[in-house]
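Below: one structure, written as structure tokens.
The values are calculated or read from the model by the stated rules, or taken from the named source; none is laboratory data. Because the structure is a prediction, the values reported are computed rather than measured. Cβ atoms come from the backbone with ideal geometry, glycine included; neighbour counts cover every protein chain shown. Quick note on the areas: whole protein, heavy atoms, side chains included, nothing else; ligands and nucleic acids left out. Shrake-Rupley method; radii C 1.70, N 1.55, O 1.52, S 1.80 Å.
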Amino acid sequence: MAEIPVITITGAQQKEPKEFFTRVFCLRKEPPPLALLVEYLKARGAAPIIPADVNEKLLNSWNWVGIEIGYAKDRKPILVTCVRKGGAQDEIFKQDIEGLLNYVEAHREIDNWRVVDQLRGCRFYIANILDKNGITEEGYDFNSWVLQFFEENCDGMVQIDGQGFYDPETGELIFELPPIDDEPEPAQPSQ
């Protein structure tokens, strides 16, 4: 019987995109128009890259659903989505809120009542989808400004996958969520 050769793959391997979410759960009735977010980002020294097909009318609309906003030309943009209670994405809204409420209520923590109150009063949430393999420090900073905008302007509370919920006034973690990277890194191939 012939031996089967073992081939070692060398060099950088293309990683599967590993998406993770950052969210802001908001008490305000409606999200502000995207034009205000763009101005906020510019005031922070960022140069948001908006897709060419996004016109002034969409940027000034209160009824937006999502947009890709780039922070660098050579990087994948951040997808900023708005999920409204009672809107077209109502089922997604209910499932996400219910799932988080169940988890928070099942884990007795000192400040979990604050998170429960925020989730119960939430009228919409902003979910930013990031590619964990391709984002840079600049991208994390950019994303934090997007979160901060909605937190400050919409009575929001930030939640980051694998970290938890943050106090809007102090910025401190008040309710921890389990890590999202439970799977171990694959071992390097060997001969």
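Results for (1) free of Cβ contacts under 8 Å to residues at least 40 places away in the same chain; (2) in contact with a Pro (Cβ under 8 Å, 6 or more places away or on another chain), shown as yes or no for each residue.
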{"site": "F21", "(1), (2)": "no, no"}
{"site": "K42", "(1), (2)": "yes, yes"}
{"site": "I49", "(1), (2)": "yes, yes"}
{"site": "D74", "(1), (2)": "yes, no"}
{"site": "A88", "(1), (2)": "yes, no"}
| remark: In the set G162, G139, the lone residue that is among the small types (G, A, S) and outside any helix (DSSP H, G or I) is G162
| remark: Among the residues of region 88-142, the number that are over 15 Å from the mean Cα position of the chain (by Cα), at pLDDT below 95 and basic (K, R) is 2
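Hey, can you tell me all the residues within region 100-136 that are β-branched (V, I, T) and either part of a loop (DSSP other than H, G, I, E, B) or open to solvent by less than 10 Å² (accessible area, probe 1.4 Å) (or both)?
V104, I110, V115, I126, I135, T136
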| task | Those residues that are under 19 Å from the mean Cα position of the chain (by Cα), outside any loop (DSSP other than H, G, I, E, B) and of a type in the set (A, V, I, L, M, F, W, C), I need them from region 37-51; list them, please. | result | L37, V38, L41, I49
| task | Output the residue which, of all residues in region 74-95 that are out of contact with any strand residue (DSSP E or B) (no Cβ under 7 Å at 6 or more places or on another chain) and under 26 Å from W145 (Cα atoms), is surrounded by the fewest Cβ atoms within 10 Å (Cβ to Cβ). | result | D74
| Filter result (part of a strand (DSSP E or B) and open to solvent by 10 Å² or more (accessible area, probe 1.4 Å)) within region 165-182 | Y166, L173, I174, E176
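Considering only region 53-72, how many residues are under 28 Å from K18 (Cβ atoms) and out of contact with any Pro (no Cβ under 8 Å at 6 or more places or on another chain)?
So the count comes out to 5.
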